[in-house]
Every structure is written in C-alpha cells, then in structure tokens.
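To keep things clear, I will list the structure first and then write my remarks on it.
The values are calculated or read from the model by the stated rules, or taken from the named source; none is laboratory data. These figures come from a predicted structure and were not determined experimentally. Positions of Cβ are backbone-derived with ideal geometry, glycine not excepted, and every protein chain shown enters the neighbour counts. Ligands, DNA and RNA are excluded from the accessible area calculation, which covers all protein heavy atoms including side chains. Shrake-Rupley method; radii C 1.70, N 1.55, O 1.52, S 1.80 Å.
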Amino acid sequence: MSGAVIDDGVVLHFGDPVREQRALAAGRAAAPLADRAVIAVRGEDRLTWLDSITSQSVSTLAAGESTELLVLTPQGHIEHAAAVLEDGETTWLITDAADAPGLAKWLTMMRFRSRVEVAERTDLVVVGFVPDGTAAEAIVPLAQGRVWRDPWAGVSAGGWQYAQTDEHPGADRAWCEAILDRNEASASDVFAGAEPAGTAASEALRIAAWRPRWAGEVDEKAIPHEADWLRSAVHLNKGCYRGQETVAKVHNLGHPPRRMVMLHLDGSESTLPVRGAPVFDGDREAGRITSVARHHELGPIALAIVSRRTAADAVLVVDADGTRVAASQEVIVPADAGATAEIPRITRLSRRPLAE
C-alpha cells in the first residue's frame, strides 16, 4: 500500500502509526503479521504427543480452543514458543517467523512412532486484530474457523501469575490472530472492512499488556518464570516433559535470577533504544531491553529483563545509541517471585538442643 514502511518484508506502519494503533485497539484495524509463521500438526496422536513434549496441557484441547506452549531445553531454558489452536482435525501452531524452522525440525525429530505429521505452511499468513469490531467482521469469515485467541487476558488452568497487581494490563488484551490463505487473502479482501495497521501498532499494544514474545524476551538464558510466562504457557500440574524439573524447582523452592519490567522512557529524546540496548542501575549494567515501542497513550515504553537484585524503586537509565535515557520501572516479576511451596524447615542437627 502507498506510504507503507516495510522492513525485511514486515510492514512497520502504513504512514501514521499512532492513528493505526488507536484504530487497532478500537477493533477497526487489522495488522498483517509477516513476522509470524504457521506450522500444522496432523494425526490422531497430535494432542497427546504435544502434551508429552511441551510445557502446556493440550491433550484434551477441544475444537475451537486456544492456548500456547513452550518447548524447553533439558535445563529449563526456553527454546521455542507457539500459539496453539485446535480445529478438530489439525493443531495449528503460530510462531515467530525466525523460530518456525527450528521448531518444525525439532517436532519432526520427536515424532518417533507417534502418528503425527508436521508441516510448515508457507501458503498461509497471519493477521492480528481485536475481536468484536469491524475488523473482526471482515477477517473471521476468511479464516474458516482458524482464529487463535490470546490466553494472556487471564491465568490459564494450571498456570501461575507472579505479577502482584489487582489490575493486570493483560486483562484488557483481547487479541486474536487469524490464519488465512496467502493467495486468497489479498490486501483488498482482508482490509475491505478494516483499516490497515502495521506491527508498530500491534507491538505497542503487546508491550503495554506486559505480554512476552519469543522474538523479544527470549535469549539463551530465558526461563518462563522471569517473563511471568507461567501465567499462560505452562501447566504446573501436568505430566513430565523436558525441562519440567527446572520449572518446578524455581517455582517451588527458588527465585528466577532475572525478572521482567516495563520501562516508561523519558520522552524528551526522539531516539528510541533498540532491542539489546543496555539498562543501567547507576554505573552497573542491570539488564537489557527486549522490546520497545511508542504507545499512543503511554508514550515511549519498553520491556526489559534485569537482574533480580535490581531494586524495585531504582531509577534506571537506558543507552539509546549513545544517548542516556531515563527510565522508570514498573515491576512485572517481583524479586521474590517463586518459592511458593510451604515446605517445613527442619532445624539442623547441630542447632538442636541436646537431650537431657
């Protein structure tokens, strides 16, 4: 479309990112998500198989239901992440585009004798929108039932929320992603009843909702706890899976070594930091920016992963291309997150009184 700003095939905006963001939040706009990819999992064992190798309980997922899952390393670090939609015949996985080849390869390697088929579907595209608006009316009929509803609006069954707030911003995140046929879903079809919006708009809404994403908040050290991802992507009471020992150990007995915060950035500077920009607590590097955007109401905001020992009231500074930008933090994962099990402490033998 005329006026669109595109980066590596992804439409950042169509000329007016602030207006697009307001329209997207109000349900009038839809965002083509070229930074997403689709994997189809078919076969009669698909749900029990996915249940056995991922963090989420999906064995009883009914047609039309949505959730999300993580694939962890044996040490409990996040390796892959995917939105999950079941339609009764196929389990659809929506992933970040850069994660799709690795996830599809890993799933294929893990089939063994399970009756499943895994396929990347490059013939399909993903469009994001807010339900109950004119955008939904235009897009849902094209999706043929393939509409994933983000579970971030609440704590999923078997999940756990670390954020200590009565008004979680994620509660207002009514977000859907439709899977459409690439050839049939031309721009004129998709946007016949919806305004177009770029990923600058969808990302700003995601960050404001404290919603983690593989392409943003995941690095080689990431564990689900530090991004509050137990809220929607981990079932704490399901059967064994790779990485479960670390999930249980940190949740029940320890604390995640890092924690996610939302930063309100000083808006007097026109430069926004990029992903990976260092965050300083005084002279000490406390962490890194993971996602950043300009929100239509909140102004410049970012998600960052900082060390657990960073004080909750510390005024942080972000390095934005050589410019120091002040940042006030909003705690998402508190420093004392985890250690939820009430396990009785046994007094050490050396400290017990001697029997008379």
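Expressed as a fraction of 2.2 N^0.38 Å, the C-alpha radius of gyration for the stretch 17-98 is 1.31. Value of Rg to Rh for the stretch 58-124, rounded to two decimals, is 0.95; Kirkwood radius and Rg both from alpha-carbon coordinates. Among Thr340, Thr310, the order of accessible area from largest down is Thr340, Thr310, computed with a 1.4 Å probe on protein heavy atoms.
What share of Cα pairs, in percent, lie more than 12 angstrom apart in the stretch 107-163? If you can, show how the numbers build up before the last one.
Working: 1247 of 1596 pairs.
Tail of the P(r) past 12 Å holds 78 percent of the pairs.
For Asp45, the amide hydrogen comes within under 5 Å of the amide hydrogens of Arg115, counting only partners 5 or more places away or on other chains and with H modelled in the peptide plane.
Provide the net charge surrounding Asp228, with neighbours chosen by a C-beta distance below 11 Å and charges set as Lys +1, Arg +1, Asp -1, Glu -1.
Numbers: positive: Arg211, Arg231, Arg259; negative: Glu217, Glu226.
So the environment of Asp228 carries a net charge of +1.
Take Val315: with every protein chain present and a 1.4 Å probe, its accessible area is about 110 Å².
With R₀ fixed at 35 Å, the C-beta to C-beta distance from Asp132 to Thr48 puts the FRET efficiency at about 0.55. Put simply, the amide H of Gly198, placed in the peptide plane, has neighbours under 5 Å in Phe14, leaving out anything fewer than 5 places away on its chain. Round to a whole number: what % of the accessible area of the chain belongs to carbon and sulfur, probe 1.4 Å? It is 50 percent, rounded to a whole number.
Suppose a student asked you for the relative contact order of the chain, using Cα pairs under 8 Å spaced at least 6 residues apart; what percent would you report?
On the way: 813 pairs, mean separation 67.8, N = 356.
It rounds to 19 percent for the chain.
Computed extension length for Val140-Arg113: 6.1 nm, one decimal, from 0.36 nm per residue of separation with the Cα-Cα distance subtracted. For Arg309 and Ser268, the FRET efficiency from 1/(1 + (r/R0)^6), where r spans their Cβ atoms and R0 equals 45 Å, is about 0.95. The residues of the chain present an accessible area of 47 Å² per residue when probed at 1.4 Å with all protein chains retained.
Where does the chain land on Rg(C-alpha)/(2.2 N^0.38 Å)?
Details: Rg = 21.4 Å, N = 356, 2.2 N^0.38 = 20.5 Å.
Taking the Cα Rg and dividing by 2.2 N^0.38 Å, one obtains 1.04.
For Phe280, the amide hydrogen comes within under 5 Å of the amide hydrogens of Ala286, Val317, Val318, Asp319, counting only partners 5 or more places away or on other chains and with H modelled in the peptide plane.
The tail of the calculated P(r) for the stretch 138-200 beyond 16 Å holds 60 percent of all Cα-Cα pairs. Projecting label points 7 angstrom from Cα along Cα→Cβ for Gln75 and Asp283 puts them 3.1 nm apart.
In the Gaussian network model of the chain, springs joining C-alpha atoms below 10 Å, which of Asp51, Asp166, Asp181 carries the largest mean-square fluctuation? In the Gaussian network model the winner is Asp166.
Remark: the stretch 300-313, residue by residue, has Karplus-estimated 3J(HN,Hα) of x, 9, 8, 9, 9, 9, 10, 5, 4, 7, 5, 4, 5, 9 Hz, where x stands for each Gly or Pro and the curve is 6.51 cos²θ - 1.76 cosθ + 1.60 at θ = phi - 60°. For the stretch 1-160, the equivalent ellipsoid derived from the alpha-carbon gyration tensor has semi-axes of 29, 18, 15 Å in decreasing order. Across Thr108, Thr199, Thr95, mean-square fluctuation computed from a Gaussian network of the chain (C-alpha pairs under 10 Å connected) peaks at Thr108.
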